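In what follows, a single structure is set out as C-alpha cells and then discussed.
The values are calculated or read from the model by the stated rules, or taken from the named source; none is laboratory data. Here the structure is a predicted model, which means the values were calculated and not measured. All Cβ positions, glycine included, derive from the backbone under ideal geometry; neighbour counts span all protein chains shown. All accessible areas refer to the heavy atoms of the entire protein, side chains included, with ligands and DNA or RNA removed. Shrake-Rupley method; radii C 1.70, N 1.55, O 1.52, S 1.80 Å.
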Amino acid sequence: MGLHFYFDNYSPAGDILVMAISLVIFVLLSASYVNRSKVFGVYLTIVSFTFMAALTNVISHNLYEFVEGVNRLVPFWMNIGYHAILYAILLLYVIYVTEVMRLEGDKKRLTIGIGLVTFFIVNAADVAITLQDNGFRVNEESVSISGKSTFTYGYLAFVILIVILLMTYRKRIYQRVMMGFYGTMMISFLLIFMQGRLGNTSLTVGTFLLPSIAMLYLVHSNPYDLEIGSINSKGLEDTVSYYYEKGVPMIVVSLFLPDFEVDGKKLSKELQETIRRFASAYFRGCVLFQISNGHVIFIAKKSLNVNYKQKLKAMIEAFHAEYEKFRYDYKIIVGDSVEKISRKNEYIRFIKSIQQHMKMNDIHVIKEKDVSLYEEYENLLDELNDICKKGNLNDKRVLAYCQPVYNLKTEKYDTAEALMRLDLPKRGIIYPEQFIPIAEENGLIHELTKIMLYKTCDEIGKLIHEGYELNRVSVNVSITEMHDLSFVDDVFAIIRDSSVPDDKIAIEITESQTEHDFVVVKDKINELRERGIRIYLDDFGTGYSNMERILELPFDIIKFDKSLVVASEGNERSEKMVGSLANMFASLEFSVLYEGVETDGDEKRCTDMCASYLQGYKYSRPIPISELRNYFVKRAWR
C-alpha cells in the first residue's frame, strides 16, 4: 500500500520522526550529566514545544481526513494553534541566543521585547487573515482551502532577528560554535525553501528541530569521561552554581594523587574502577568531577544522604584498605559545602589552598579556619597578579635576599644563592614556600624570576664596582617557566641591560620529572651554558633521582640537599653512601655543594665527602642581598 498524502501534500512521516527524535533527546538528557542552567531550561522548552508542534500537526490533519462529523472550525483553530507554537519556538530561540551570548540589562530587555512584539504581531496577522476567509479554512463541503499564509513572513521576521543577534555579538562565542549554528540554520532554510518549491509542508517542524540538535551537541553535550565516569571542572562550576541558586547544601570530597600530576600519566584501569565504585557506593546522587590527571572531586546532595557523616567515615576506612593495595601518596579533603565558597564558586582553588598546608597521606575535614586561610591565599594571589601585571622589574614588594656560600678552595665567601621574599601591605614578609607554589600553579613564576634576576644583577653590578671579589650568585628557576619560548632571551636581556658579565650569574634548577621536561630543560641548559652561565642542580637527594638524566645534562655544580647531610650524621653506612656519590660526581668534574651545614661536625664531614662549597646556618642565615658586603672581601690592589 502506497504512502497516503493528506491535503497540502502533507505526510505525517516527518512529524512522527520529529516526535521520536525529541523523545530520544529527552532520554539522552535524563541519562547524562547536564548543566542545569537557565539556558538549559530554555532549551528543554524548545524541544518540548517542537514535540507539541509535530503532535498538533499530525492530529489536525488526521481529524480532517479520518474523523467524520468534526466541526469544521476545529482544524481551523488547530492550524492557528500550530502556527502559534511554531512562532513560540522562534521566540524561544531568540531568548536562547540572548542567554548564550550573555546579554544583560537594556540589551537583553530590548532584544526580548522585539521578539515578543514580533510574536504578537505575526500571531494577530495569522488570526486576522484567517477570520477574513483569506487564510486556511474548511468550507461547508468539508473541502480544505490553503488560502493566503502569513507564516512565511513571520518566520522570516524571526530569522532576521536571530541572524542580527548572532552577527552583532559573534565575538562572544567561540568561532567554530558560531559556524555550527550558521551551518545548521542554512540547512533549515534550504529545507523550507525546497519544501515550498515542491508544494509540500511535511518537513516544517523538522526544520525547527535541526537547530535543537545543533545546540545539544555544541552547548549541552555530555561531558562524561567514559572510562572513569567523571565530568570536567566546568561541570563542577555549573553544578555548584545550580545547587547554590536552589539553596541545596552539598557534601564535598576531594581526592588528590600527586603521582599522576605529570603530563601524559593517567589513572590505571583498576584505580579508575575503585574511584568510580567509591563515588557510587557511598553517596546517593553523587557526581564525580575530574579536575586534573590526579585530582577528582565528589559532590552529593546532603538531603539525599542524611547519614553522610557515617558514610564519610565508612568511605575513609575503605580507602585505607585500598591504599594498602595501590600505595599512592594522597591528600583527602572532606566536609560540608561552605556558603562563601559556593557563592563565589571557587571550590577548586579553595581545595588547592587547603592542600598547600596538608602533609602527604593525610585526611582533612573542612573547617571555618580554612575559609580564612583561603582568603589569605586569594589576597596573596591578587598581589602576585598585580606584581606580574605591572611588570616593574624594580617592584618594591619583591625583596632580594641571599645566603652566602663558603668556597673551600679559596677559603672565602665569594658566591651566594639569591632568595626571594615578598613584603606585602598588611601582611609583612612572605616566605618562598608560601607563594612560589601559588605562582607556579597560576603561571606567574617567570615574571617573579625576572624581577629577582634584575635585582640580583643590580646588586652584583654594585659589588663589582665597589671592588668586591665575587665569583657568582645563583638564581633559582622553576622547571615550568623553562617551557616559555622567551625564557632564555628574557634572562639574557636582563643580564645584558645590567652590564654584568654573564659568568657572574648561575641558574639553579631542580631535576625534571617527565621526559618532556627533560628535553626542554636540556635544550635551555645548553643555550645558557653557551653564553657562559653556570648551571646548578638543586635539591639532589630528594625524591627519585635519575642518574642517567643527571649525567646527560651539563651541570656545573650538584647541590646535595640538607637531608643527605642529616642522614650522614651518626650513621656510618649513610655517610659512606653520600661520600661515594659525591666522590663519583667529583671524579666526573662536577663540583659538589652541601646545603644545610649547621655545625662544625657537619662542616668536617662534608669536607671529607668531596665538598667544594658549603652553605647553611653555620655560615649565615638568609640576609638582604645588600648585606653580602659583610661576607665578601675587596680585591687587593697592587
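Odds and ends about this structure:
- Boolean, D386 is at pLDDT 95 or above, in a helix (DSSP H, G or I), more than 25 Å from L628 (Cβ to Cβ) and not small (G, A, S): yes
- Within region 269-317, the set of residues being in a strand (DSSP E or B), aliphatic (A, V, I, L, M) and touching a Phe, Trp or Tyr at 6+ places or on another chain (Cβ under 8 Å) comprises V287, L288, V296, I297, I299, A300.
- Residues in region 273-298 that are within 22 Å of the chain's Cα centre (by Cα) and among the charged types (D, E, K, R): R276 alone.
- Residue match in region 294-308 (condition: aromatic (F, W, Y), open to solvent by 10 Å² or more (accessible area, probe 1.4 Å) and more than 29 Å from E441 (Cβ to Cβ)): yes
- Listed conditions (1) within 18 Å of S478 (Cα to Cα); (2) open to solvent by 30 Å² or more (accessible area, probe 1.4 Å); (3) not hydroxyl-bearing (S, T, Y) are all met by A567, apart from (1).
- Residues being aromatic (F, W, Y) and surrounded by fewer than 16 Cβ atoms within 10 Å (Cβ to Cβ) - total across region 362-391: 0
- Checking each residue in region 327-354 for being hydrophobic (A, V, I, L, M, F, W, C) and within 14 Å of L255 (Cα to Cα) picks out I332, I333, V334, I348, F350, I351, I354.
- Of the residues making up region 585-595, just one is part of a helix (DSSP H, G or I) and either modelled with pLDDT under 90 or open to solvent by 60 Å² or more (accessible area, probe 1.4 Å) (or both), namely S587.
- Flag for Y454 being open to solvent by 40 Å² or more (accessible area, probe 1.4 Å), more than 30 Å from S292 (Cα to Cα) and out of contact with any strand residue (DSSP E or B) (no Cβ under 8 Å at 6 or more places or on another chain): yes
- The listed residues are M186, M179, and the only one of them that is closer than 21 Å to V18 by Cβ and at pLDDT 75 or above turns out to be M186.
- Condition met for D259 (farther than 21 Å from R343 by Cβ, in a helix (DSSP H, G or I) and in contact (Cβ under 8 Å) with a residue 60 or more places away in the chain): yes
- Whichever residue in region 473-513 is in a strand (DSSP E or B), within 21 Å of G541 (Cα to Cα) and touching a residue at least 40 places away in the same chain (Cβ under 8 Å) and, among such residues, is most open to solvent (accessible area, probe 1.4 Å): N476
- Evaluation of L448 against (1) more than 33 Å from the chain's Cα centre (by Cα); (2) open to solvent by less than 20 Å² (accessible area, probe 1.4 Å) (one fails), failing number: (1)
- For region 553-564, filtered to residues that are of a type outside the set (V, I, T) and within 12 Å of L588 (Cα to Cα), the residue that is surrounded by the most Cβ atoms within 10 Å (Cβ to Cβ) is F555.
- Residue that is modelled with the highest pLDDT [pool: residues in region 340-361 that are open to solvent by 80 Å² or more (accessible area, probe 1.4 Å) and over 21 Å from N442 (Cβ atoms)]: R343
- Number of residues in region 602-631 that are within 23 Å of N583 (Cα to Cα), open to solvent by 60 Å² or more (accessible area, probe 1.4 Å) and outside any helix (DSSP H, G or I) equals 0.
- When N394 is tested against (1) surrounded by 13 or more Cβ atoms within 10 Å (Cβ to Cβ); (2) closer than 30 Å to E469 by Cβ; (3) not basic (K, R), exactly one condition is not met: (1).
- Index of the failed condition, T415 passing every other in (1) of a type in the set (V, I, T); (2) in contact with a strand residue (DSSP E or B) (Cβ under 6 Å, 6 or more places away or on another chain); (3) in a helix (DSSP H, G or I): (3)
- Entry remark, region 399-445: residues being among the acidic types (D, E), open to solvent by less than 50 Å² (accessible area, probe 1.4 Å) and without any contact (Cβ under 8 Å) to a residue 12 or more places away in the chain number 0 in total.
- Filtered residues of region 352-368 (kept if within 20 Å of E339 (Cα to Cα) and of a type in the set (A, V, I, L, M)): I354, V365, I366
- Identity of the residue in region 42-80, open to solvent by 30 Å² or more (accessible area, probe 1.4 Å) and small (G, A, S), that ends up modelled with the highest pLDDT: S48
- Hits in region 397-428 (condition: within 19 Å of E383 (Cβ to Cβ) and at pLDDT 95 or above): R397, V398, L399, A400, Y401, L419, M420, R421, L422, D423
- Hits in region 362-374 - residues which are touching a helix residue (DSSP H, G or I) at 6+ places or on another chain (Cβ under 8 Å) and farther than 16 Å from I348 by Cα: I363
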